[in-house]
1. Determine the dipole magnitude for the chain: charges of +1 sit on the beta-carbon of Lys and Arg, -1 on that of Asp and Glu, nothing else is charged, the reference point is the Cα centre, and the result goes in debye to the nearest 20.
2. Please compute, over every Cα-Cα pair in segment 1-105, the percentage with a separation greater than 18 angstrom.
3. Quickly estimate the mean residue ellipticity at 222 nm for the chain, helices only: each DSSP H run with n ≥ 4 gives -39500 (n - 2.57), and the total goes over all residues, rounded to 500.
4. Apply 1/(1 + (r/R0)^6) to the Cβ-Cβ distance of Gln34 and Phe76, taking R0 = 45 Å, and write down the FRET efficiency to the nearest 0.05.
5. Taking the Cα-to-Cβ direction at Ser22 and at Thr174 and moving 7 Å from each Cα, how far apart do the two end points lie in nm?
6. Using all C-alpha to C-alpha distances in segment 58-115, build P(r) with 5 Å bins and read off the rounded percent in each one.
7. Using the count of nearby Cβ atoms within 10 Å as a rough guide to exposure, how do Asp113, Asp87, Asp67 rank from fewest to most?
8. Of the beta bridges DSSP finds with both residues in the chain, what % are antiparallel, to the nearest 5?
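Read the figures in this text as sums done on the coordinates, not as results from a lab. Only a predicted model underlies this, so the values are computations on that prediction, with no experimental measurement involved. No Cβ is skipped: glycine too gets one built from the backbone with ideal geometry, and neighbour counts run over all protein chains shown.
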Amino acid sequence: MPIAPRLIVGNWKMNGQLAWLSELEPLLTQLQTQPTDHRIVLAPPVPLLWPMSKAIGGRPVALAGQDCHPEAAGAFTGDVSAEMLQDAGATLVILGHSERRTLHGESDALIADKLRAAFRAGLEPILCVGETLAERQAGSAVTIIELQLLGSMPVETGSKPFTIAYEPVWAIGTGLTPDAEDIQAMHAAIRAWLARRFGSTAKPAPILYGGSVKPSNASAILRLPEVGGALVGGASLKTADFLPIIYAD
Ligand code: PGA
C-alpha cells in the first residue's frame, strides 16, 4: 500500500549558499516528472529564500523560514520578522526548534509570541517540541511535551493552520531514533492534548516526526498511522538522500 500523503520538510539549518541552487534543480525536476502526493517544504537560511523562490517558480515545493522575531519591524539587529519571510517567498516557518530553545535560550512564552507573529503574517507555523534523554529516562517525556505545547501555543492557534513537529532532542543529528511504539505513543498523546485544548472540531494538524530521519528509516516512520510527515535535517542537505525519503515506499 502506498504511504498516505505526508508533509515532508527539509530543514537546512545554517547550511547552503547560492551555489546550492544548482543542487536544487535535480530535486525540482524529479518532483515535476514524478509528482508525489506528499507536500514538500524546504527551510533554507534566510538569504536563500528569495533566490530559491525564484528558482522553484511554479513547481510543487514550498519554502519555510527557520525562525522569526515576534515584532513585524524595528530596532532588532540581526533579527528577521515573519513579514520579511513571507515577503521573501516563505509560506511556513519552523518555530521553537530545540537548537533555538537550547542555543538561544528561547522560552515557551517567546515561542508563543513568535507563533502570533507567524499568524499575523499569514505564515503556517511548524512548532517543534521534544524531550531530552534524561527526561525520557525519568519517564516524564509526555509531561514535558504537554508543558511545551501549553506554553508555546497561543489560544488562537486552534483556529489557524499549524503543524507540530515532535523531535526528541536526543534523536536530532545523532543517528538514534525512538522505537516505532514510542513515536506512535507520543504522537497519540499530542493528538489527544490538541483535542483537549482546542476541541475535536479544530482542523486536524499534521504531527511530524523529526530526528535522524534518513532513507533507511523513512518508509517505516512515514507509514506509522499517527505520523503526519517528517522534519528532516542532515538528510535534506543532499538531493541523493532527500529524494529517497520523499519517494520512500
Ligand atoms: P536531523 O535533524 O534529521 O539531522 O536529526 C532534524 C532537525 O533538527 O529538524
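1. The dipole magnitude comes to about 400 debye.
2. 52 percent
3. Numbers: 10 runs with 101 residues, N = 249.
So the calculated ellipticity at 222 nm is -12000 deg cm²/dmol.
4. The calculated FRET efficiency here is 0.60.
5. That separation, rounded to one decimal, is 3.8 nm.
6. 4, 19, 27, 24, 16, 6, 3, 1
7. Placing the least packed residue first, the sequence is Asp87, Asp113, Asp67.
8. Values: 0 of 29 bridges.
Close to 0 percent.
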